[in-house]
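Here is the structure we will look at, set down as C-alpha cells.
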Amino acid sequence: MVQTRKCPECGSSKLFFDEVKSELVCSKCGLIVEDNPVDTTHELRAFDKTEKRSRGGSPLSMQKFDKGLTTNVGEISDIYKLSSNDQTKKYLRIRQWQERVSTSIERNLRQAMIELRKVASFLDLPNVVKEEAARIYNFVLQRGLVRGRSMESVIASCIYAACRSYNIPRTLDEISNSSEVERKEIGRTYRFIIRRIGLKLIPSSSKDYISRFASALHLSPKVQQKALEILDRKEVLDLTSGRGPAGISAAALYIAALLNDEKRTQREVADIAGITEVTIRNRYKEILEKLKIEEGSFLKEEKK
C-alpha cells in the first residue's frame, strides 16, 4: 500500500500496485494513477535455487573504453554463424556503422585498453592497479597529453604510476620488457605525465621488493627478516640516494641468504631482480663496506 501519494480524481490515499499489469490503481474509484512506472530497485535474479539472488549486469570498469555501458552488435565470429546470408550482411553492416559513429577518443581508448590488459597480464598485476592505470590514462587522454607520444609508452607509464600509487613494486625494466618500450622512453613519459597532472607519489623503497624477490628465490622468512634488518641499518640507508632500490634490495637479500646458509648465486638473484650481475656485485660490496664487514670473514666471493 502506497500512503505517500493520493488519487488525483477522488483524493483517496488508498492506492495499490498491480504487479501483473504494472499499474498503480486507486482502490476507491478504480482510477489508474500510473502505468509502467520506472523500477528503481536492484535487479536481483538467480538461475537456480541453489544460487544467491544477486544484481544483474557487470560492474562498471575503467578498463573498458565505454566503462561497460554500451552494447556491441557482436563478434565477427558470431555473426558469421548466422544461418542466413542476408542476416549476416545486415549485422556486418550494422557493426560497421557502429564503429564509424564512434569518436576518436573512443577508438583510442579501445586500442589502449587492449594494450593495458596485455601488459598487466605479463606483470601479473591485481585488478585494482589495472583500474587505476586505466583511470590515469583516461585523465591524460582527455587533456590531450597523449598527442605526440606513442600509445604504448603512455600506457606503460600509467601502469608504472599505478604500481607506485598502490605501493606494488615493479621496476622500469620489468615494464619495459612487458610492453616492448625502451626504459628511457617510459621514464621520460612518466615524469612528463606526473608533472602535468600534478600526481604526487612516494618514492619506492628497497624494502618493497624484499618479499617478492624472496618468494621467487624460494627463501625462508628468516632470510627475509635478515634482509630487512640490513636495510634498516643507518649505514645502508645512506646508499639509497642515487641508486636503484631494486639493486640495493637484491644485494641485501643476497647477503642475508649467505648469512643464513641458503646460498643463491648472483646470477639467480640478478635474473629475479631484473638487473645485471655487475649491479648486484657493486651494491653487495658497498653494503659490506658500509657495515664494516670483511668479505672473507663470513663468506667467500663467488668464482665466475
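Taking other C-beta atoms within 10 angstrom as a stand-in for reagent exposure, Thr103, Thr171, Thr265 fall in the order Thr103, Thr265, Thr171, fewest first.
Using C-alpha pairs below 8 Å separated by at least 6 residues, the relative contact order for the range 206-296 is 31 percent.
Shape descriptor for the range 143-289: Rg over Rh equals 1.02 (Cα atoms; Rh from the Kirkwood inverse mean 1/r). Cβ-to-Cβ counts within 10 Å put Ser157, Ser104, Ser176 in ascending order as Ser104, Ser176, Ser157, the fewest first. Pull out a ≥ b ≥ c, the square roots of the eigenvalues of the alpha-carbon gyration tensor of the range 206-296, then state rounded if a/c is under 1.5, prolate if not and a/b is larger than b/c, and oblate in the remaining case. Here the range 206-296 falls in the rounded category.
Normalised by the number of residues in the range 133-187, the average gap of Cα pairs under 8 Å and 6 or more apart makes the relative contact order 36 percent. Sequence-ordered 3J(HN,Hα) estimates for the range 23-36 from the Karplus curve with 6.51, -1.76 and 1.60 and θ = phi - 60° stand at 9, 9, 10, 7, 6, 8, 10, x, 5, 7, 6, 8, 10, 6 Hz, glycine and proline given as x.
With a ≥ b ≥ c the root eigenvalues of the C-alpha gyration tensor of the range 104-197, is it rounded (a/c under 1.5), prolate (a/b larger than b/c) or oblate? Rounded. On a full-extension model of 0.36 nm per residue, what is the gain between Ser22 and Arg5, subtracting their alpha-carbon distance, rounded to one decimal in nm? Length gained between Ser22 and Arg5: 4.5 nm.
Every number here is computed from the coordinates shown, using simple stated rules; none is lab data. Since this is a predicted model, take the numbers as computed values, not measurements. So basically every Cβ, Gly included, is an ideal-geometry build from the backbone, and we count neighbours across all protein chains shown.
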